[in-house]
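Notes follow once the structure below has been shown.
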Amino acid sequence: MRRFQPQAECDRLLHFLRQRMIRDVTLDGVARPSLGPASMPGPMLALASAPVPPAGAARMPAKSPPAAAESVWTVDNARVLEALAHPVLRATAPELAQGLRETVLALGTDGMAARRWLPPVLEVRSDDPRAFEVVTGTSRFTGDLSRGLVIESLCDGDAPDAEAARHTGNLVEFRLGRRAHCLDVEDSIADCGLRRTADGVVLFHESRLAVPGSPGLRGLLRRGRPRPVGTLRYEYALRAGDPVLRLTVTLRAEPGIQLRAVRVTTAWDELSLSPLRRGVLGGRDGALSRHALPAGGGAALRLHDGPLDHLAVAGHGDAADGAHALHARPRTPATVASVTAHTDGAGRLHWLLVRHGVTSLAGGESFVVREDRLQLTGTAEGVAQAVRTMAPDGTMAGRDPSPPEEPVAALLAVAATLLLAPPETGAEERATLLSWCQAHLGPLLEQAPGLPTRSLCDLVLALDALARLPGGESRRDLLREPVRTLLARQADGEEGIFAEGPGQDGQEAGTLSMASHASGLLALSRLALLDPSWPGLGDALARGVAALRLGAMDLPGRTAPLETILIRRRCSDGPWQRSGVVSAEECGLLLRALTALDLVAEEGRLELSEALRERAGVMIGQGQRVLRGLLWDHGPDGLEAKGSALGNARAGLGHGRAQAALLLALLPPEPEIAARRPERAVTGVSGPEQNSEAGTVPVAAGYC
């Protein structure tokens, strides 16, 4: 087997990237970053959602929502931009590096990285009010308007139907004379339908409200005819390019009627279908608090009284695949009277009602309630992101407001680009990039304790890059808590595996992830290049390498097991849980981490045992063999990185993120980054309990 030639392999990977994965885009609604003379006129560059077929070849049929094929995903573009920060790769493809940089900056304006850019799309697939279907760039709306049911599912990801938002379960309450009434909105719907607008569609259902009439003259035991008291109309406005559902509720009193103590509701129902336990936050003017739910099952509790301008429903615990957060913002907070939660028999949130009130409503008058609703991916509440998205000025137009699946990827890419920028980069351009990074840093530092390990490690790498910039001494303080959090996620004892996340509800995280473990090794190796005196750093690296072992995995579609690198641990109930290097990202991360660790030893930053270095070398050799199997040779079109080593080669073909992972493995940036020394000698990153003179730090033996 011939040896890798990193430069030649990278050139071919880049060639395929440029020929088959990059397209010109015009990001409508997204402000182009101002980089002074460095800004490029004309269309911007971005990764296609899937490899572009060669000329004359048919494109595979799309099964995705209408906007998916044209979407520009932030993380995919950020990972490639991070790879292109390497001076050698940037010199090979300067126009690509500059174009992707503009795209990533544009997708992260105002200190918030969007999940993706998407074109304004709205498609009515069925206009039957009893079985309607409307698809936008972010969501799919279905339901039965004759029953007052609107179901909103996110198009992105593999979220189960249980995570869909069900806009239903509404009531209307009032007093008429001396009697109090509470009517079910869905039981009295008399009209419903879909109305097209210039840029979207309005779903509506209208109820005719009536109460039992007074007894007739022929006897008190005989009821009179139902007495009409008004109409109640719910309208759900959907617009192309707007991820927000705009809800309008209009109660009109019948002439000659005087309604008092009026309450209309905006509700979510069937929330207990979610596999996650959900909690509720609410408040006003940014002062939000988490509300305690009823302690018992099948109970009701008033969570809030009085005005409110934001309500959020989100799952507890670490970020689980498919989890969603729901947000509501009343347009007139002063009319909010209360928020009530109902639980199911197991004590899970099931039904949530916001009551909007007015003291009285005379005949012929109307009470109008407007509320904006938004569904985002992820369990984190993301209130700031939701507020920005739901603002009437449309600052998030053209961007999917859900947080990226790897929320720190964009910051890491821009920080690496800034650190490794060529000497001729102007001061204005550098200042713009640094300002962009600083705007993103604050919110991400607040989220650090709950970030998945891969993203937590991205944050450590980004902070390492920013600390190496001129004036970066003050930014080294920011490393303290993320590094402590990362070290706390490594299993005790000789197992040495980095957990995938902080665990749910305070419990130990149960998922085993090679990507998380490799990310942990990479982040700590980079930290050792910056400051090896961090307490416990060397031992953590030694235990992390000791956790790696050679082994075989049976994979779908393969006739023979894949010889690869594994981590494993015994579950509490007895069997072994394993995770191995199967995907391009796992392979790239681990090879890059082990290469960085080798650099730590070469530079004498940590005194690593011969056994540890030998073990790391064996793993590098096996990782390179796995990497070779992940390359698809397209001849003159270059090399494509397969997404994984699964047996179906075509299904295993990857995307830009896989391409970037192998570029970073073959030509890692750590030697270039290590050469960017901080302004003064590091005598301990602010945060370690003890400082020492920079130099070789011994590592406890016994792990390898």
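The values are calculated or read from the model by the stated rules, or taken from the named source; none is laboratory data. What you see is a predicted model, and the numbers here were worked out from it, not measured in a lab. Cβ: placed from backbone, ideal geometry, glycine included. Neighbour counts: every protein chain shown.
Numbers at a glance
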item: Region 575-622 - residue that is of a type in the set (V, I, T) and part of a helix (DSSP H, G or I) and, of those, farthest from A645 (Cα to Cα); result: V600
item: Some residue of region 63-85 being at pLDDT 95 or above, closer than 30 Å to Q659 by Cβ, of a type outside the set (D, E) and assigned to a loop (DSSP other than H, G, I, E, B); result: yes
item: Filter pass, G296 being modelled with pLDDT of 85 or more and either crowded, with 17+ Cβ neighbours inside 10 Å or more than 24 Å from the chain's Cα centre (by Cα) (or both); result: no
item: Residue match in region 454-466 (condition: modelled with pLDDT under 95 and either among the basic types (K, R) or surrounded by fewer than 24 Cβ atoms within 10 Å (Cβ to Cβ) (or both)); result: no
item: Residue count, region 556-607 (criterion: surrounded by fewer than 23 Cβ atoms within 10 Å (Cβ to Cβ) and touching a Cys at 6+ places or on another chain (Cβ under 7 Å)); result: 1
item: Conditions (1) under 15 Å from D372 (Cβ atoms); (2) of a type in the set (A, V, I, L, M); (3) assigned to a helix (DSSP H, G or I): number failed by A334; result: (1)
item: Hey, G193 at pLDDT 95 or above, more than 20 Å from V124 (Cβ to Cβ), part of a strand (DSSP E or B) and of a type outside the set (F, W, Y) or not; result: no
item: Test result for T432, touching a residue at least 60 places away in the same chain (Cβ under 8 Å), within 24 Å of P669 (Cα to Cα), in the same structural domain as G538 (by TED's automatic domain parsing) and buried (at least 22 other Cβ atoms within 10 Å of the Cβ); result: no
item: Pairs where the first residue, in region 473-489, is over 17 Å from R526 (Cβ atoms) and the second is surrounded by 21 or more Cβ atoms within 10 Å (Cβ to Cβ) and modelled with pLDDT of 95 or more, C-beta under 8 Å, 6+ apart; result: E473/A467
item: Residue match in region 528-550 (condition: assigned to a helix (DSSP H, G or I), of a type in the set (S, T, N, Q) and either at negative phi or in contact (Cβ under 8 Å) with a residue 24 or more places away in the chain (or both)); result: no
item: Test: residue in region 448-465 that is more than 24 Å from F498 (Cα to Cα), part of a helix (DSSP H, G or I) and in the same structural domain as A106 (by TED's automatic domain parsing); result: no
item: Hits in region 199-230 (condition: within 30 Å of S126 (Cβ to Cβ) and at pLDDT 95 or above); result: G200, V201, V202, L203, F204, H205, E206, S207, R208, L209
item: Listing of strands (runs of 3 or more DSSP E) fully contained in region 231-312 that carry 3 or more residues being under 22 Å from F367 (Cβ atoms); result: 242-253, 258-268, 300-305
item: Failed condition for S153, given (1) surrounded by fewer than 24 Cβ atoms within 10 Å (Cβ to Cβ); (2) out of contact with any helix residue (DSSP H, G or I) (no Cβ under 8 Å at 6 or more places or on another chain); (3) at pLDDT below 95; result: (2)
item: Single unsatisfied condition, V262 versus (1) modelled with pLDDT of 90 or more; (2) in contact with a helix residue (DSSP H, G or I) (Cβ under 9 Å, 6 or more places away or on another chain); result: (2)
item: Index of the failed condition, G283 passing every other in (1) touching a residue at least 40 places away in the same chain (Cβ under 8 Å); (2) touching a His at 6+ places or on another chain (Cβ under 8 Å); result: (1)
item: Meets criteria (modelled with pLDDT of 95 or more, more than 26 Å from P275 (Cβ to Cβ), part of a loop (DSSP other than H, G, I, E, B) and not β-branched (V, I, T)) for G364; result: yes
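Matching residues to (1) under 26 Å from G656 (Cα atoms); (2) in the same structural domain as G656 (by TED's automatic domain parsing); (3) modelled with pLDDT of 95 or more:
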site: G544; (1), (2), (3): no, yes, yes
site: W576; (1), (2), (3): no, yes, no
site: A584; (1), (2), (3): yes, yes, no
site: G588; (1), (2), (3): yes, yes, yes
